[in-house]
Amino acid sequence: MLSFLPPVLRGVIAFVLLVVNTLFWCALLFILALFKLVLPFQGVRTFIDPWLNRIATAWISCNSGWMALTQRTRWDVQGVDQLPYKGWYLVNANHQSWVDIFALQHQLNLRIPMLKFFIKQQLIYVPVIGLAWWALDFPFMKRHSRDALRKNPGLRDQDRETTRKACEKFALVPTSIMNFAEGTRFTPEKHRRTSSPYRHLLKPKAGALAMSLNAMGERFHSLIDATIVYPDGVPSFWDFLCGRCPRVIMRVHQVAIPPEFAQGDYDKDSEFRGTFHRWLGDLWERKDAEIDTLLQANAAQGKHR
């Protein structure tokens with residue numbers, strides 16, 4: 001443990017270890033991805049994709065290593081030990097910081113198949129890691145404004161087609177598809193601007209979840225719903241690297257997915273869309289209440305110390 005070092009020095013060391021770890025595993029990743037690019041056949045993909053996922057899993061494991069070396073974070077986590085590894089999962093979580101991704105990877109790695117995210121199209125240009133996301137078949141999505149969608153409804157079809165193609169690839173190898181239903185990180189300003197009815201969450205966006213369920217059919221084992229709480233304040237990524245994230249609370253629940261969600265047409269069937277919104281709304285109300293309970297329990301513990 002390097003907790004005796006000044007926070008900024010710890011942050012620099014953690015960042016260097018993250019970069020070195022990323023460059024090392026990405027070099028191996030790109031070599032295998034080149035074979036997949038040159039030989040775009042399903043048999044080649046079926047053979048190579050598990051190895052690409054193993055490399056990414058090793059990268060996550062090494063990230064957990066430098067986190068243990070440089071961080072003093074205390075993890076209060078429940079619900080991950082009961083997760084069966086084999087199968088396909090749809091993973092959903094509240095979103096507050098870039099730290100969320102590292103927290104989820106750290107706790108879910110080797111417990112369920114590797115997490116894969118829907119990523120903004122612009123992020124493919126991020127040096128090294130953008131290519132790694134492409135090699136691992138992370139789907140890149142273009143974000144369209146409401147005005148753009150009203151002017152050109154066909155843009156929705158582009159997103160649906162991107163989701164369908166991504167899920168076709170995911171169907172070959174057990175995968176966990178990660179979704180932040182809020183669509184963006186929670187901030188008090190966004191909460192106020194969107195008039196969210198929840199105390200600790202933004203309004204959930206149902207479209208991406210519904211499209212994933214429709215594209216993957218009945219392959220999903222269950223929905224894994226993760227609730228993340230930072231009781232000492234939401235850290236920035238630099239705060240996390242510097243060890244200024246004393247505690248992370250995470251609660252993980254397996255939620256059954258109604259079978260009819262695999263066949264419903266979210267865009268064209270208004271009755272199905274209403275049913276889906278109510279199901280997601282109920283999930284969000286429970287998550288909001290859980291966050292409130294965790295924060296209150298933490299505050300009560302603080303008073304008795």
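The values are calculated or read from the model by the stated rules, or taken from the named source; none is laboratory data. Keep in mind that what you see is a predicted model, and the values were worked out from it rather than measured. Here the Cβ is made from the backbone with ideal geometry for all residues, glycine too, and neighbour counts use every protein chain on show. Note: areas computed on protein heavy atoms with side chains; ligands, DNA, RNA excluded. Shrake-Rupley method; radii C 1.70, N 1.55, O 1.52, S 1.80 Å.
Only one of Ile257, Ile224, Ile291, Ile249 is under 30 Å from Cys167 (Cα atoms), of a type outside the set (D, E, K, R) and either modelled with pLDDT of 95 or more or in a loop (DSSP other than H, G, I, E, B) (or both). Can you tell me which? Outline the logic, then answer.
Numbers: Ile224 fails: either modelled with pLDDT of 95 or more or in a loop (DSSP other than H, G, I, E, B) (or both); Ile291 fails: under 30 Å from Cys167 (Cα atoms); Ile249 fails: under 30 Å from Cys167 (Cα atoms).
Exactly one of Ile257, Ile224, Ile291, Ile249 is under 30 Å from Cys167 (Cα atoms), of a type outside the set (D, E, K, R) and either modelled with pLDDT of 95 or more or in a loop (DSSP other than H, G, I, E, B) (or both), namely Ile257.
Going through the stretch 190-221 one residue at a time, which ones are in a helix (DSSP H, G or I) and among the hydroxyl-bearing types (Ser, Thr, Tyr)?
Scanning the stretch 190-221 gives a single hit, Ser212.
Evaluating Ile48 against the criteria (1) open to solvent by 50 Å² or more (accessible area, probe 1.4 Å); (2) of a type in the set (A, V, I, L, M); (3) assigned to a helix (DSSP H, G or I) leaves one unmet condition, (1).
When every residue of the stretch 63-73 is checked against the conditions, none turns out to be closer than 23 Å to Pro174 by Cα, open to solvent by 20 Å² or more (accessible area, probe 1.4 Å), of a type outside the set (Gly, Ala, Ser) and not in a strand (DSSP E or B).
Among residues that are of a type outside the set (Asp, Glu) and open to solvent by 50 Å² or more (accessible area, probe 1.4 Å), Ser222 is not included.
Against the definition (among the aromatic types (Phe, Trp, Tyr), modelled with pLDDT of 95 or more and at negative phi), how does Trp75 come out, yes or no? When the stated conditions are applied, Trp75 passes them.
Filtered by the rule that a residue be open to solvent by 20 Å² or more (accessible area, probe 1.4 Å) and aromatic (Phe, Trp, Tyr), the stretch 239-266 gives a lone residue, Tyr266. If you filter the stretch 74-88 down to residues that are closer than 19 Å to Ala171 by Cβ and either of a type in the set (D, E, K, R) or touching a helix residue (DSSP H, G or I) at 6+ places or on another chain (Cβ under 9 Å) (or both), you find that the one that is least open to solvent (accessible area, probe 1.4 Å) is Trp88. Pairing residues of the stretch 190-212 that are under 14 Å from His95 (Cα atoms) and free of Cβ contacts under 8 Å to residues at least 40 places away in the same chain with residues that are among the basic types (Lys, Arg) and open to solvent by 80 Å² or more (accessible area, probe 1.4 Å), at Cβ distances under 9 Å and at least 6 apart in sequence or on separate chains, gives His191/Arg199; Leu202/Arg185.
Taking every residue in the stretch 9-24 that is within 9 Å of Cys242 (Cα to Cα) and among the basic types (Lys, Arg) and pairing it with any residue that is in a helix (DSSP H, G or I) and open to solvent by less than 20 Å² (accessible area, probe 1.4 Å), at least 6 positions away or on another chain, the pairs with Cβ-Cβ distances below 6 Å are Arg10/Thr70. Would the stretch 14-32 turn up any residue that is modelled with pLDDT of 80 or more, of a type outside the set (Gly, Ala, Ser), part of a loop (DSSP other than H, G, I, E, B) and over 23 Å from Ser64 (Cβ atoms)? No, the stretch 14-32 has no match at all. If you filter the stretch 210-219 down to residues that are of a type in the set (A, V, I, L, M) and open to solvent by 10 Å² or more (accessible area, probe 1.4 Å), you find that the one that is modelled with the highest pLDDT is Met211.
Can you go through Asp81, Asp100, Asp49 and tell me which one is under 24 Å from His221 (Cα atoms), among the charged types (D, E, K, R) and at pLDDT 95 or above?
Sole residue among the options that is under 24 Å from His221 (Cα atoms), among the charged types (D, E, K, R) and at pLDDT 95 or above: Asp100.
Considering the stretch 104-142, and only residues there that are assigned to a loop (DSSP other than H, G, I, E, B) and among the charged types (D, E, K, R), the residue that is most open to solvent (accessible area, probe 1.4 Å) turns out to be Lys142.
When you check Thr57 against the structure, is it within 30 Å of Leu280 (Cβ to Cβ) and either assigned to a helix (DSSP H, G or I) or touching an Asp or Glu at 6+ places or on another chain (Cβ under 8 Å) (or both), yes or no? It is true that Thr57 is within 30 Å of Leu280 (Cβ to Cβ) and either assigned to a helix (DSSP H, G or I) or touching an Asp or Glu at 6+ places or on another chain (Cβ under 8 Å) (or both).
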